[in-house]
């Protein structure tokens, strides 16, 4: 029996050791991060089905958390606007790069900033599982050179980019 357990343990360790862990950026200035972001591309989530012109706006509160307001137009760029408001809480001792976002109490989702421009002109957000991914920009369009640089870094981090879809923006 112990031979089978040892074999199973070896298989599990080899599979998990090949999994590339995700790292966040070392530090985020939350006040610079606050403001409006445009979704450039994402791994589409079910709640984003039919979304166009997707944006996220972060506002710092005096209570130490961020208000998160997500918007999109359903069905087309001129479709009916969909809106949801939530909160984002910075995890302590993470350089402000790991947050937990809450849209429905008591559920909180991990929101990790894994790539960020020095001037905060773009950000890439994911989850430790790599099942979620958003490429965000301060403007509705992103230069191809910047986008390709992000894509290269995401490949190096082991993301399955076949899931990535561009977001329609005006």
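The values are calculated or read from the model by the stated rules, or taken from the named source; none is laboratory data. Because the structure is a prediction, the values reported are computed rather than measured. For neighbour counting, all protein chains shown are included, and Cβ atoms are generated from backbone atoms with ideal geometry for every residue, glycine included.
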Checklist outcome for this item: Residues in the stretch 77-86 that are surrounded by fewer than 12 Cβ atoms within 10 Å (Cβ to Cβ), touching a strand residue (DSSP E or B) at 6+ places or on another chain (Cβ under 6 Å) and not in a strand (DSSP E or B) total 2
Checklist entry - Applying the selection to the stretch 67-92, what residues are in contact (Cβ under 8 Å) with a residue 60 or more places away in the chain and closer than 22 Å to residue 164 by Cα? => result 77
Item to check | Leading residue by the ranking (surrounded by the fewest Cβ atoms within 10 Å (Cβ to Cβ)) among those in the stretch 35-46 that are within 15 Å of the chain's Cα centre (by Cα) and farther than 16 Å from residue 164 by Cα | outcome: 36
Next on the checklist: Can you tell me which of (1) part of a loop (DSSP other than H, G, I, E, B); (2) under 23 Å from residue 26 (Cβ atoms); (3) under 15 Å from the mean Cα position of the chain (by Cα) is the one residue 131 doesn't meet?
Outcome noted: (2)
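Of 164, 136, which residue is closer than 17 Å to residue 51 by Cβ and touching a helix residue (DSSP H, G or I) at 6+ places or on another chain (Cβ under 9 Å)? Can you show your working first?
On the way: 136 fails: touching a helix residue (DSSP H, G or I) at 6+ places or on another chain (Cβ under 9 Å).
Selected residue: 164, the only one of 164, 136 that is closer than 17 Å to residue 51 by Cβ and touching a helix residue (DSSP H, G or I) at 6+ places or on another chain (Cβ under 9 Å).
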Checklist entry - Within the stretch 143-154, can one find any residue that is in a loop (DSSP other than H, G, I, E, B), surrounded by 13 or more Cβ atoms within 10 Å (Cβ to Cβ) and touching a strand residue (DSSP E or B) at 6+ places or on another chain (Cβ under 7 Å)? => result no
Next on the checklist: Looking at the stretch 104-123, I want the residues that are on the phi > 0 side of the Ramachandran plot and have a partner that is part of a strand (DSSP E or B) and surrounded by fewer than 15 Cβ atoms within 10 Å (Cβ to Cβ) with Cβ atoms under 7 Å, at least 6 apart or on another chain. Which pairs are those?
Outcome noted: none
Checklist outcome for this item: Taking the stretch 48-66 and keeping only residues that are surrounded by fewer than 15 Cβ atoms within 10 Å (Cβ to Cβ) and either in contact (Cβ under 8 Å) with a residue 12 or more places away in the chain or part of a strand (DSSP E or B) (or both), one is left with 50, 59, 64
Checklist entry - Which condition number in (1) at pLDDT 85 or above; (2) part of a loop (DSSP other than H, G, I, E, B) is the one that residue 21 fails? => result (1)
Checklist outcome for this item: Among (1) closer than 19 Å to residue 67 by Cα; (2) assigned to a strand (DSSP E or B), residue 96 falls short only on (2)
